[in-house]
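> My structure is below; once you've seen it, I'll send some questions.
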Amino acid sequence: DPKIIQKPKYLVAVTGSEKILICEQYLGHNAMYWYRQSAKKPLEFMFSYSYQKLMDNQTASSRFQPQSSKKNHLDLQITALKPDDSATYFCASSQEGLFYEQYFGPGTRLTVL
Amino acid sequence: QQQVRQSPQSLTVWEGGTTVLTCSYEDSTFNYFPWYQQFPGEGPALLISILSVSDKKEDGRFTTFFNKREKKLSLHIIDSQPGDSATYFCAASDFTNTGKLTFGDGTVLTVKP
């Protein structure tokens, strides 16, 4: 069974709309992360959460908002979508503190038209 | 200035040969270095990692070497197999309690039978 679930696998949105990317982990980890991978840039850190509290935000825009309703959930809400937001978004998690080895989910591929 | 650089961008080796991937970094505070393997359409998978207090770590056919003075590390894959064909990412972290991993651009490895 997959340990980190991301939904949906593929997502197509129109410019200006809003979408929520879902992430659930069943590894018992207490830290979760979001990364973005696009054709133009390497894997890029976005957010880190520990025990449902925001620890780091490296996104330049408030259009990206993580939401943690449960310890093993970290969703990503993106508002006012732009074509430049097109990328694959990966959720990751780790155990025993934020510096420990991170395990990645399968990703959500977002295309903004 | 890119914090983590990888070379080569792509590499082709014959089955049974040894693959050597290299990585260099800028930030002296980096002290944790994982290597990730990514297949098309999947998330990065943690392959092997090393702390800056070590100079070598081995796991089966995979060995990573670390040179703190030169700020370089490498990944060696012995007896390379076609199933090893993937993109390999070097990453770095500085244990500042945010969990941020900084990734290189990746090396695309092709192992020919």
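> For B:Thr12 and A:Glu101, what is the calculated FRET efficiency with R₀ set at 22 Å and r taken between the beta-carbons, to the nearest 0.05?
0.15
> Further, regarding this structure: Taking a ≥ b ≥ c as the square roots of the eigenvalues of the Cα gyration tensor of the range A:1-110, is the shape rounded (a/c under 1.5), prolate (a/b larger than b/c) or oblate?
prolate
> Then there is this: Between beta-carbons, use under 15 Å as the cut-off and find the net charge around A:Tyr10, counting Lys and Arg +1, Asp and Glu -1.
Around A:Tyr10, the surrounding residues sum to +2.
> Then there's this: Carbon and sulfur together cover what percent of the accessible area of the protein assembly as shown at a 1.4 Å probe radius?
Using a 1.4 Å probe with all protein chains present, the protein assembly as shown comes out at 50 percent carbon and sulfur.
> Based on the Cβ-Cβ distance from A:Tyr10 to B:Asp59, what FRET efficiency comes out when R0 is 30 Å, to the nearest 0.05?
Working from the Cβ atoms, E equals 0.35.
> Another one. For the protein assembly as shown, what is the accessible area per residue in Å² when the probe is 1.4 Å?
49
> If you take every DSSP beta bridge whose two residues both sit in the protein assembly as shown, what share of them, in percent to the nearest 5, is antiparallel?
Counting DSSP beta bridges with both partners in the protein assembly as shown, the antiparallel share is about 90 percent.
> Here is a further query. Can you tell which of A:Phe45, B:Trp35, B:Thr110 lies farthest toward the positive end of the dipole of the protein assembly as shown, using +1 and -1 charges on the Cβ of basic and acidic side chains (Lys, Arg; Asp, Glu)?
The listed residue farthest towards the positive side: A:Phe45.
> So if I place +1 on the C-beta of Lys and Arg and -1 on the C-beta of Asp and Glu, and nothing else carries charge, what would the dipole magnitude of the protein assembly as shown be about its Cα centre? I want it in debye, nearest 20.
For this selection, approximately 360 debye.
> Of B:Thr98, B:Ser80, B:Tyr25, whose Cα points farthest to the positive end of the dipole of chain B (charges on the beta-carbon: +1 Lys, Arg; -1 Asp, Glu; origin at the Cα centre)?
Value computed over the given set: B:Tyr25.
> If Rh is defined by the Kirkwood formula over all Cα pairs and Rg also comes from Cα, what ratio Rg/Rh do you get for the range B:52-113?
The Rg/Rh ratio comes out at 1.02.
> Below 8 Å between Cα atoms, with a sequence gap of 6+, how large is the relative contact order for chain B in percent?
37
> For Cα pairs less than 8 Å apart in space and 6+ apart in sequence, what is the mean separation divided by the residue count of chain A, i.e. the relative contact order in percent?
Result for chain A is 36 percent.
> So for chain A: antiparallel DSSP bridges make up what percent, rounded to the nearest 5?
Counting DSSP beta bridges with both partners in chain A, the antiparallel share is about 90 percent.
> Using the alpha-carbon centroid of each, what span in Å lies between the range A:1-55 and the range B:10-57?
Rounded to whole Å, the Cα centres lie 23 Å apart.
The values are calculated or read from the model by the stated rules, or taken from the named source; none is laboratory data. Since we're looking at a predicted model, the values are computed, not measured. Cβ: placed from backbone, ideal geometry, glycine included. Neighbour counts: every protein chain shown. Note: accessible area is taken over every heavy atom of the protein model, side chains too, but ligands, DNA and RNA are not part of it. Shrake-Rupley method; radii C 1.70, N 1.55, O 1.52, S 1.80 Å.
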